[in-house]
Amino acid sequence: MTLTVGVIGPEDLVGKAVAVGDGTGAARLRAFPYRHEDETPDVVRDAGLRVDALLFTGVVPHTLAAGAGLLDRPAMYVPYSGATLLRALVELLRLGHDVSRLSIDTLGRAEVTETLLEAKLPTEHVRVLPHRPGLTSQDLVDFHLAAHDRHGTTTALTCLGSAHHRLEHRLPAVRLAPSRHSIRATLRALVLATAGAHSDDARIALGIVDLPAADEDLAADLAVLGGSLAGLPDGSRLAVTTRGALEEATDGFTRLPFLDGLAARHGSARVGFGLGRTAAEAEALARRAVNRARSVGPVAGVVCMKDDVDIVIADGADGARPDGAEGTGLLARRAGLNPGTLERLRELVAAEEEPGITAHRVAEHLDVQQRTARRILKRLERAGVAVPVGSRQEGRTGRPPIVYRVRL
């Protein structure tokens, strides 16, 4: 079945995205342009059930739609990358403009600095206003005018059409537009996410890779996931894959095959994956995952699922199964459990006369609810130390509970 993707943004960028997307044959694209970004919620509502997914031409309309609670299906935005900025700089140089004194909005500060340094351009007189939720067109206009009046910037580079319209009569202004490559890459990622939204193994998995510097080999490292890689406004990278591919590549969420390589190149590497029913849910879980990875240590990976299930994969987790006190702590981080809980489970396993334990016995031993006990066993299963081996009646009516063989 051919998927239908609604493209939302200003009319000229929507037309460009539809033209580029139609050339890929990845999906049927429908245009939903607006005259001003404030119309985004109404345009999304107008798209209604006529589309399977939403492709925004930039982060601003995506943020407005998310803030209005309208992202009820897979949705992504086309990022404005360093390549977008570089193309604008080349054009400015060609026209004889001074590119040493610029004011730039929406792009991340690190990405702007890196792009200018790679182009061997000075950065000390460049002012940057990164995107954040709540910024309005007027905020962007005020930023550029203040940079011009107080710091002597000569040209304003903006990603927002309404801001450009208000600036172009007051100072030299250039409107940035997403590249054809970014449009194609985001559309492919969106189609992959949408196609997998209805089955568990093919459910969307988004990963945020937080590195201290750019990495040209990252795409090759993540090829094992069989997905796509895109940039985020804060400079981190977004990996798009499916739950099935991620689970297979990580041996059941127990190891990240590329984590050690990233750590060797950068000294620190934090990776967070989110598994959700929609792209919006997966992105929120991925952000939670990478934030937790930052709190774990300089090298860590975290997989976050719904129902507050977090699986922590710390540096050194790519080896044998944990053994002893140090291994207990490592397993606790990987399974997202308290080390004390693992020790009490170890006591339960050793005390059982029959092989295997059930959620009922775990609930009794830990004095928790049955659903909490089932969640604990599921976390241990994903960590590779619990395996369902059958069922046991345990003297109760109803469906026999699952028996897990647990090795701690």
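The values are calculated or read from the model by the stated rules, or taken from the named source; none is laboratory data. As the structure is a computational prediction, the values presented were derived from the model and not from experiment. Note: ideal-geometry Cβ built from the backbone for every residue, glycine included; neighbour counts use all protein chains shown. The area values use the complete protein model at the heavy-atom level, side chains included, leaving out ligands, DNA and RNA. Shrake-Rupley method; radii C 1.70, N 1.55, O 1.52, S 1.80 Å.
Filter the range 24-63 down to residues that are touching a residue at least 60 places away in the same chain (Cβ under 8 Å), in a helix (DSSP H, G or I) and closer than 21 Å to Leu192 by Cβ and give me whichever is nearest to the chain's Cα centre (by Cα).
The selected residue is Val59.
Taking the range 116-133 on its own, how many of its residues are farther than 23 Å from Asp149 by Cβ, in a helix (DSSP H, G or I) and at pLDDT 90 or above?
Summing the residues that are farther than 23 Å from Asp149 by Cβ, in a helix (DSSP H, G or I) and at pLDDT 90 or above in the range 116-133 gives 1.
Only residues that are buried (at least 16 other Cβ atoms within 10 Å of the Cβ) and farther than 14 Å from Leu259 by Cα: list them for the range 215-233, please.
Gly227, Ser228, Leu229, Ala230, Gly231, Leu232, Pro233
Of all residues in the range 142-170, which are open to solvent by 10 Å² or more (accessible area, probe 1.4 Å) and hydrophobic (A, V, I, L, M, F, W, C)?
Of everything in the range 142-170, those that are open to solvent by 10 Å² or more (accessible area, probe 1.4 Å) and hydrophobic (A, V, I, L, M, F, W, C) turn out to be Phe143, Leu145, Ala146, Cys159, Leu160.
What about Val312, is it closer than 29 Å to Phe56 by Cα, in contact with a Gly (Cβ under 9 Å, 6 or more places away or on another chain) and open to solvent by less than 40 Å² (accessible area, probe 1.4 Å)?
Taking the combined requirement at face value, the residue does not satisfy it.
Looking at the structure I just gave you, is Thr241 open to solvent by less than 30 Å² (accessible area, probe 1.4 Å) and farther than 17 Å from Arg287 by Cβ?
no
Condition test on Asp215, is it modelled with pLDDT under 85, of a type in the set (D, E, K, R) and either touching a strand residue (DSSP E or B) at 6+ places or on another chain (Cβ under 9 Å) or assigned to a loop (DSSP other than H, G, I, E, B) (or both)?
no
So how many residues does the range 266-306 have that are of a type in the set (Gly, Ala, Ser), open to solvent by 10 Å² or more (accessible area, probe 1.4 Å) and assigned to a loop (DSSP other than H, G, I, E, B)?
Counting residues in the range 266-306 that are of a type in the set (Gly, Ala, Ser), open to solvent by 10 Å² or more (accessible area, probe 1.4 Å) and assigned to a loop (DSSP other than H, G, I, E, B) gives 3.
Enumerate the pairs (first residue in the range 137-156 and more than 24 Å from Asp38 (Cβ to Cβ) and in contact (Cβ under 8 Å) with a residue 24 or more places away in the chain; second residue anywhere and in a helix (DSSP H, G or I) and open to solvent by less than 60 Å² (accessible area, probe 1.4 Å)) with beta-carbon separation below 7 Å, excluding pairs fewer than 6 apart on the same chain, so at least 6 apart or on different chains.
Between residues of the range 137-156 that are more than 24 Å from Asp38 (Cβ to Cβ) and in contact (Cβ under 8 Å) with a residue 24 or more places away in the chain and residues that are in a helix (DSSP H, G or I) and open to solvent by less than 60 Å² (accessible area, probe 1.4 Å), the close pairs are Thr153/Ala147; Thr155/Leu92.
Of the residues in the range 82-107, how many are assigned to a loop (DSSP other than H, G, I, E, B) and either buried (at least 22 other Cβ atoms within 10 Å of the Cβ) or among the basic types (Lys, Arg) (or both)?
Of the residues in that region, 2 qualify.
Determine whether Ala332 is modelled with pLDDT under 85, open to solvent by 50 Å² or more (accessible area, probe 1.4 Å) and not in a loop (DSSP other than H, G, I, E, B).
Spelling it out, it is not the case that Ala332 is modelled with pLDDT under 85, open to solvent by 50 Å² or more (accessible area, probe 1.4 Å) and not in a loop (DSSP other than H, G, I, E, B).
All but one of (1) open to solvent by 10 Å² or more (accessible area, probe 1.4 Å); (2) within 25 Å of Thr153 (Cα to Cα) hold for His62, so report the exception by its number.
For His62, the failing item is (2).
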